[in-house]
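Quick notes on the structure that follows.
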Amino acid sequence: MQIKVLSDIGNGLVEGRAVITGLATGRVLASSVGLSFWGGVDPRTGTVVDTHHPLHGACIKDSVLVIPSGRGSCSGSGVLLELMLGGHAPAALVFSQDEEILTIGVIVASRIFGLTIPIVRIAADDHDRLAECDTVWIRDGMIALQQPEADFVAPVPPVPAVSLALTPEDREILAGRDGRAAQAAMEIVVDAAAIYGAGALQDVGRAHIDGCIYTGEAGLRFAEQLREWGGRVKVPTTLNAISVDYRNWRGQGVEPALGEPASRLADAYVAMGAEPTFTCAPYLLDDVPTEGEQIVWAESNAVVYANSVLGARTMKYPDYLDICVALTGRAPRAGCHLTPERRPELVVDLSQVGVGDDSFFPLVGYHVGKLVGSRIPLVVGLENAGPGRDDLKAFGAAFATTSAAPMFHIAGVTPEWRSSEQSVSAALASVTVESADLAQSWEELNGTANVSKIGLVALGNPHFSLEEIAAFAALCQGRQRAPETQVIITCGRHVHGRAAAAGLVARLEAFGVAFVVDTCWCMIGEPIIAPDVSIILTNSGKYAHYGAGLSGRSMRFGSLPECATAAVTGVFDSRLPAWLSA
């Protein structure tokens, strides 16, 4: 058999690095914009549902997907696992930046289910070459742009892997000392360490699990397999919001086809020792990480908040790797666990923008996330803005939606950049944001600027805090909800209990608010969202971005007072607010 080698193919070959080896061929589906599989790709079909993405409407099934990286939600690994087991996955993934979330989905598919697809890391300069191709052929780290006559090989040796130093304890877990679940978890942790380039593992003090979101049978099979193998968490572990209101889904009309497996998934994690907190805002719990504490959190907004606002240390852990770390107590020593990896890589100057109402921080977070990609930003110009905890929550959630970065710094505000004596290198790139830039993002989140009839006011993405519930109750005092407009707040069960004790739940229910706990807007659909709702208003930059693809409705974005007014009048004017149009 004739073998084509590098010299034969010449300019018709792109040489990359095989992150996961394998053979594949397929049509090229390329974009210069990173893609969040959660909220961006339908796990049942492989169709891109993110209405803001250039690939919207395309199907990634059997394609060679060429993108800079994943972005957004940590649940992307779960979506990819569902796609692989359902036969709707890409034939291969090609990235021009480091990427871990989707890669972990393939690692879990290989380790637990015996399925794999190749992943190749290429130079940024090669992205456009691939984007111009109709079809490519992949063998490990090589990509042929024209069909080879036969198999092809590279005459250059592979890049040597980083040597991972394991402790005797690590090796005993790998050998099965603590049972099959811990052994399988450690195998995945070791695989992940290679992806992150970690030279060692480290202890962690706590975990927050995002893999408890039900994306389909694959994630349920994974969790129940670990449980059946005797899995037990080794560190205090909390659970993210799940896909249903655990205690109330039947009364809400949710179909058993969703309610039962989603509950089983939650039960599997609780059986492994996790606490049923069921919140996407674990930083609102009583016991929160301290500055410098090494933790393992998944859920994109929680990761960003922990790193940026609390000063704790976690990478943006993908679904499934989170529980593997919790079962072993060991994590790759890499990324934001390390001080050098937390330094800013880009300055974003907001000094030319005036701070407006409470829609300012989620809007700015959304816009900054689009600017930075995977780079950690230092935001300057907000030193006197005085953002509170909920402002930073809203900023971080929107930022984590549009970027792949695990954290941000705000000069004079966040703990690692609070001192006025800190400075950055003059060589660090800088970008200035102006009001016109934010206006463009406002219009992106709102679509056509007009007065719209609002069918649903959706609040609590991430979960509402007690202070946000109190603020909305004050805005609704003495008013009555428009009969044709739903108003729903999602929050954690712990916050709901405190709000009920303070009388806030009764006040808001009298106004016409419905509360949903344990789940949040990234998982809510019909019948909780009434079938006749066509337009949803939210004060969340995160949900304004994801909502159209997840709910099939048009989205509008505004401040909390505007949400209260729309709840009363049933309409919302999505034209630029005065503070932004000025």
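Just so you know, all these numbers are worked out from the coordinates, no wet-lab data involved. Just so it is clear, the structure is predicted and the values come from calculations on it, not from any experiment. Neighbour counts are summed over all protein chains in view; Cβ atoms, including those assigned to glycine, are modelled from backbone coordinates with ideal geometry.
Beyond 18 Å, how much of the Cα-Cα pair distribution for segment 58-134 remains, as a whole percent? Don't skip to the answer; put the middle values down first.
On the way: 1070 of 2926 pairs.
Of the Cα pairs, 37 percent sit more than 18 Å apart.
Order these by the 10 Å Cβ neighbour count, fewest first: Asp357, Asp518.
Sorted ascending by nearby Cβ count, the order is Asp357, Asp518.
Any idea what Rg and Dmax come out to for segment 445-581 if you just take the C-alpha atoms, in Å?
Cα-based Rg and Dmax for segment 445-581 come out at 13.9, 41 Å.
So for the pair Ala436, Leu115, with labels modelled 7 Å out along Cα→Cβ, what separation do we get in nm?
Inter-label distance under the simple model: 4.8 nm.
How high is the relative contact order of the chain, given as a whole-number percent (alpha carbon pairs under 8 Å, six or more residues apart)?
This gives 14 percent for the chain.
Can you say what percent of the DSSP beta bridges in the chain, counting only those with both residues inside, are antiparallel? Round to 5.
30
When all alpha-carbon pairs of segment 4-153 are counted, what percent fall beyond 17 Å?
Above the 17 Å cut-off, segment 4-153 has 57 percent of its Cα pairs.
If you project the alpha carbons of segment 307-388 onto the principal axes, what extent comes out on each, in Å, largest first?
Rounded to whole Å, the extents work out to 48, 25, 22 Å.
Which of the listed residues, Val94, Ser419, Gly388, is farthest toward the dipole's positive end in the chain, when Lys, Arg count +1 and Asp, Glu count -1 at the beta-carbon?
Value: Gly388.
Nearest 0.05, what FRET efficiency do Lys453 and Thr339 give at R0 = 51 Å with Cβ-Cβ as r?
Efficiency at R0 = 51 Å is approximately 0.50.
Can you put Phe361, Phe399, Phe557 in order, fewest other beta carbons within 10 Å first?
Phe361, Phe557, Phe399
Only Cα pairs under 8 Å and at least 6 apart count here; give the relative contact order of segment 445-581 as a rounded whole percent.
Working: 247 pairs, mean separation 53.5, N = 137.
Relative CO of segment 445-581 lands at 39 percent.
I need two numbers for the chain: Rg to one decimal and Dmax as a whole number, Cα atoms only, in Å.
23.5, 83
Tell me, Ile138, Ile528, Ile209 in order of fewest to most beta-carbon neighbours within 10 Å?
Fewest to most other Cβ atoms nearby, the residues stand as Ile528, Ile138, Ile209.
Divide by every residue of the chain the summed helix terms, -39500 (n - 2.57) for each DSSP H run of at least 4, and state the resulting mean residue ellipticity at 222 nm, rounded to the nearest 500 deg cm²/dmol.
Counting only the DSSP helices, I get -9500 deg cm²/dmol.
Where the convex hull is taken over the Cα atoms of segment 343-433, what is its projected area averaged over directions, in nm²?
Projected area, direction-averaged: 5.3 nm².
Could you work out the relative contact order of segment 260-345? I mean the mean sequence separation of Cα pairs under 8 Å and 6+ apart, divided by the number of residues, in percent.
Once normalised by length, the contact order is 21 percent.
To one decimal place, what orientation-averaged projected area in nm² is obtained for the convex hull of the Cα set of segment 168-339? All intermediate terms of the calculation are to be shown ahead of the outcome.
Working: hull surface 38.9 nm².
The Cα convex hull of segment 168-339, projected and averaged over all directions, gives 9.7 nm².
Please list, or write none, the aspartates and glutamates whose alpha carbon is within less than 18 Å of the alpha carbon of Lys61, excluding same-chain residues fewer than 8 places away.
Asp42, Asp50, Glu82, Asp134
Tell me which of Ala274, Ala218, Leu81 sits at the most positive position along the dipole axis of the chain, charges placed on C-beta atoms (Lys, Arg +1; Asp, Glu -1).
Ala274
Using a simple charge model, +1 on the beta-carbon of Lys and Arg, -1 on the beta-carbon of Asp and Glu, nothing else, what dipole does the chain show about its Cα centre, in debye to the nearest 20?
For this selection, approximately 660 debye.
Take the residue pairs Lys393/Lys453; Lys370/Lys393; Lys316/Lys370 and return only those whose Cα atoms are more than 20 Å apart.
Violating the 20 Å Cα-Cα cut-off are Lys393/Lys453.
Placing +1 on the Cβ of each Lys and Arg and -1 on the Cβ of each Asp and Glu in the chain, which of Val189, Pro344, Val64 has its Cα farthest towards the positive end of the resulting dipole?
The one lying farthest along the dipole's positive direction is Val189.
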